[in-house]
Structures are given as C-alpha cells and as structure tokens.
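One structure below.
Every number in this text was worked out from the coordinates using simple rules, so none of it is lab data. Values in this document were obtained by computation on a predicted structure and should not be read as measured data. A quick note on method: Cβ atoms are made from the backbone with ideal geometry, for glycine too, and the neighbour counts reach across all protein chains shown.
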Amino acid sequence: MTHPEDPRYTVMVVDDDPSVLACYGRLLRRAGYNTLVEGDPSHVLAPGRSDGDVDLLLLDHRMPTMDGLTLLAELRRRECRARCILISAFLNDDVRTRAATLGVDRVLEKPVDASLLRRVILDLLPARAGGRTEPGFADVERRGA
C-alpha cells in the first residue's frame with residue numbers, strides 16, 4: 001500500500017488493447033495517480049520485476065496470454081493485497097464466482113463508462129487517507145474532464 005511519505009496511490013492497469021491502456025493511463029495520470037500500464041500480463045509476473053507498492057489493480061479479464069483472474073490468482077499467491085477491479089465484455093456466473101473468490105472488489109462490464117469507473121475508483125481509494133488529501137478524480141470531475 002501507499003507509504004505515508006508518498007500521498008499518491010498507485011494503480012496498475014493490465015489490458016492487451018493498447019488504446020484501452022492509453023485511455024485508462026491518461027485518465028488516471030490526469031487524476032494524480034501513480035499509474036503503471038502493462039499490455040502483457042505475463043510481464044507483470046516476470047522474475048525480478050518490481051513495481052513498488054500497488055494499491056489498485058485494473059485488470060482486463062480476457063487476454064491472449066493469460067486471463068485477468070489467472071494473473072490475480074498468482075499475484076494473490078505472491079502476497080499482493082491490492083484492491084482490484086475486473087473489466088470484461090464476457091461476464092458470466094463462473095467469472096463472477098472466481099472473481100469473488102480471489103477478492104475482486106468490483107466487476108465492470110465493457111464498455112465501461114468513464115464516470116462509473118471514476119466513482120468505483122473513488123470508492124476503493126478514498127480521497128482522504130491518514131488525514132492527507134489524496135489526489136483523485138474529484139478534481140478531474142470539477143475541471144470537466
């Protein structure tokens with residue numbers, strides 16, 4: 001989780017679609033989050049990779065090399081306790097059950113409305129932590145972005 005000396009949250013986005021990565025990355029950076037983007041879930045698990053402390057995972061479910069829930073299962077096995085949003089155009093009861101078992105906080109269906117995504121992230125990463133004002137989407141919404 002975020003260290004007290006660094007008031008910004010870190011969000012990792014994993015999606016095989018470059019346009020989705022660019023869109024979510026831009027949205028999150030403009031809101032003041034430390035943002036990591038990765039197009040290949042296997043790279044997230046690469047030996048020696050260190051992304052620091054991630055507070056929120058934003059995972060696509062269906063990707064060519066590995067699905068988002070398989071990635072999350074391995075991250076959980078490695079002690080990752082980050083909050084998680086799973087995004088998919090292919091939702092069913094099995095996906096929802098697996099997501100719940102792995103501790104996914106929210107499951108969103110594609111296409112995701114940007115205002116809904118903002119609200120969900122604000123719910124999962126509160127605007128205030130430890131008495132400090134955290135960067136967040138509230139500022140972006142006021143500016144009309």
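How much of the DSSP beta bridge set in the stretch 10-137 is antiparallel, as a percent to the nearest 5?
10 percent
Send over the per residue convex hull volume for the stretch 1-121, Cα only, as a whole number of Å³.
Working: hull volume 12.4 nm³, N = 121.
In the stretch 1-121, the Cα hull volume divided by residue count equals 103 Å³.
Cut-off is 10 Å between beta-carbons; in what order do 67, 94, 60, 53 appear when sorted fewest neighbours first?
Ranking 67, 94, 60, 53 by Cβ neighbours within 10 Å, fewest first, gives 94, 53, 67, 60.
Say the dipole of the stretch 1-100 comes from +1 at the beta carbon of Lys and Arg and -1 at that of Asp and Glu; which of 56, 45, 20 then lies farthest toward its positive end?
56
Tally Lys and Arg at +1 and Asp and Glu at -1 over the other residues with C-beta under 12 Å from the C-beta of residue 104: what net charge comes out?
The answer is +4.
Fewest to most neighbouring Cβ within 10 Å: what's the order for 33, 9? The partial results should precede the final answer.
Working: 33 22, 9 27.
Arranged by neighbour count, lowest to highest, 33, 9 become 33, 9.
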